[in-house]
Amino acid sequence: MPKTVLRPKNLEFQPRPSYPYSPGAKGGNFVFTAGQVAWDARGEVTGLGDVRAQTLQTLNNVKSVLAEGGAGLDDVVKCTVYLKDMGDFQAMNEIFASFFPTDPPARTTVQAALAEPEMLVEIEAIAYVA
């Protein structure tokens, strides 16, 4: 099964990465996103110090990468959420729930030191498209 690298053409929510990785990849019926953060289309951080605003931007970035692979949020089977501070769990969870209001995907949430110091949340997703 060949791999297809996903680089969303719609940059409204997805800046081009400045590090050596692809925003996403598709292999067979699976679409994988790289860990997405709260960068806007200009490459600036959305919502400095505000985990709700960062989660909203991050999930819009996830959605953009999924769309490039022919998937949507309803196709997501697994997410991993990385939080800088587990004290932000409830606020992140409120925004996350609004993106997955019914039948949410399996999810793991862990506390992590994120690569960009101003980032409060990073989310990656795996989708299956039949």
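A short reminder: the numbers here are calculations on the coordinates, not readings from a lab. Quick caveat, the model's predicted, so the values are computed rather than measured. Here Cβ is always computed from backbone atoms with ideal geometry, including for glycine, and neighbour counts include all displayed protein chains.
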Over the chain, what is the relative contact order in whole percent, taking alpha-carbon pairs under 8 Å and six or more residues apart? 31 percent
Place a +1 charge on the Cβ of each Lys and Arg in the chain and a -1 charge on the Cβ of each Asp and Glu, then give the dipole magnitude about the Cα centre in debye, rounded to the nearest 20. 480 debye
Can you work out D for the chain in µm² s⁻¹ from Stokes-Einstein, where Rh is the Kirkwood radius over C-alpha pairs, the temperature is 10 °C and the viscosity is 1.306 mPa s? 109 µm²/s
Write down the percent of antiparallel bridges among all DSSP beta bridges whose residues are both part of the stretch 3-128, to the nearest 5. 75 percent
Connecting C-alpha atoms closer than 10 Å in a GNM of the chain, tell me which of Thr80, Thr58, Thr33 has the biggest fluctuation. Thr80
Given the peptides 85-92, 123-130, arrange them by the average over their residues of other C-beta atoms within 10 Å, most packed first. 123-130, 85-92
Between 0 and 90 degrees, rounded to the nearest ten: what's the tilt of helix 89-99 against the longest Cα principal axis of the chain? 40 degrees
For the stretch 45-108 and the stretch 29-43, distance of Cα centres in Å: 10 Å
Between Asp74, Asp50, Asp103, find the one with the highest GNM mean-square fluctuation for the chain; connect C-alpha pairs within less than 10 Å. Asp103
Furthest towards positive pole of dipole, Val51, Pro104, Tyr21, structure part the stretch 3-128, Cβ charges: Tyr21
